[in-house]
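Each remark here refers to the structure printed beneath this line.
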Amino acid sequence: MVKAAERITFETRTPQSYSEILRGYAGTPAAAITGDLFLPAGAARKVPVVVTSIGSHGLTSGREELYAEALTGAGFAMFIVDSYTARGFTETISDQGKLSMAASVTDAMFAIRRMAADARVDAKKIALMGYSRGGATAVQGWDERIRRAALGDLRPVAHVGLYPPCYQRWRHPQPVNAPLLMLFGGADELAREDRGMEYAAVLRAAGGDVTTVTYPGLQHSFDANYAAKPNPQTMNLSASRIMIEDDGDMSEDITGLRAGGDWAGFLHAVGARLGVKGAVTGNGPGP
């Protein structure tokens, strides 16, 4: 667990679908979660901040300390969004149905709003970063419809997705006017490079400023604090093609399944048809 300089509680929502976001969260109950804020030492002025969405393992990988040290050393604040603990769990690796992707994106958006209201933060210099599930959050939230509905006039200056699984994506993306950086491991079985490159091409065709970097031979979670090893708990859905439709609902093209308002039921049904158990995760080449 990260020992933060400051723990902040803020309000968010828990939508089951992106359609709830696009409707302005009408009827979506409020929730309260926490974030850990790291500030650069001796900051005497408003600082830029990197809002960070965590991965499925929660706060156990060690990468939080890695990035907090690097970012604060470079003069940035870092706000790590804990989407899990206040909701009664500490990970989603055992079941991604515990929390919808729309809820993870919402948490990131509300964290951006909370940081923009902090007198120590430069509201014009907020970026969104995430890894694995959090990387998908950064990529799926890189859409003008989401930005308008959740942030209003606020505009993050950059999005960064580390090994984001791109089998979940907008069918007709509307990229925001800010750069997106996606980082992939060449041997990643969960966030496959080929799917990432395919989606990057779609995003560029839609007018997006997208940069991709691939690290040959590296696995999923290549920046974690443990060596690459098989993880039998992981449900690998990289063979699926889950699309976010223009109305914010999600559907899967191969099976024809549609989520409606039941994220967990939809994901479990897709997993039963297309999922494979187990994948290698961790730093370095696989065993």
Mind listing whichever residues of segment 177-198 are surrounded by fewer than 22 Cβ atoms within 10 Å (Cβ to Cβ) and either within 16 Å of the chain's Cα centre (by Cα) or assigned to a loop (DSSP other than H, G, I, E, B) (or both)?
177, 178, 179, 181, 183, 186, 187, 189
Yes/no for residue 136 being out of contact with any Ser or Thr (no Cβ under 6 Å at 6 or more places or on another chain), under 23 Å from residue 193 (Cα atoms) and of a type outside the set (S, T, N, Q)
yes
Looking at residue 33 and the list (1) open to solvent by 20 Å² or more (accessible area, probe 1.4 Å); (2) in contact with a strand residue (DSSP E or B) (Cβ under 9 Å, 6 or more places away or on another chain); (3) at pLDDT 95 or above, which single condition is not satisfied?
(1)
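Results for (1) free of Cβ contacts under 8 Å to residues at least 60 places away in the same chain; (2) on the phi < 0 side of the Ramachandran plot, shown as yes or no for each residue.
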site	(1), (2)
42	yes, no
47	no, yes
50	no, yes
73	yes, yes
81	yes, yes
84	yes, yes
93	no, yes
97	no, yes
Name the pairs: first residue in segment 155-171 and closer than 17 Å to residue 17 by Cα and open to solvent by less than 10 Å² (accessible area, probe 1.4 Å), second residue modelled with pLDDT of 95 or more and assigned to a loop (DSSP other than H, G, I, E, B), Cβ to Cβ under 9 Å, at least 6 apart or on different chains?
170/143; 170/206; 170/245; 170/246
Just to be sure, is residue 37 in a strand (DSSP E or B), under 30 Å from residue 227 (Cα atoms), of a type in the set (A, V, I, L, M) and touching a residue at least 12 places away in the same chain (Cβ under 8 Å)?
yes
Assuming residue 204 fulfils every condition listed in (1) basic (Lys, Arg); (2) over 13 Å from residue 142 (Cα atoms); (3) open to solvent by 40 Å² or more (accessible area, probe 1.4 Å) apart from one, which condition is it?
(2)
Only listed residue being basic (Lys, Arg), open to solvent by 60 Å² or more (accessible area, probe 1.4 Å) and not in a strand (DSSP E or B), chosen from 45, 7
45
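The values are calculated or read from the model by the stated rules, or taken from the named source; none is laboratory data. Since we're looking at a predicted model, the values are computed, not measured. FYI the Cβ positions are ideal-geometry reconstructions off the backbone, even for glycines, and counts take in every protein chain you see. For accessibility, only protein heavy atoms count, side chains too; no ligands or nucleic acids. Shrake-Rupley method; radii C 1.70, N 1.55, O 1.52, S 1.80 Å.
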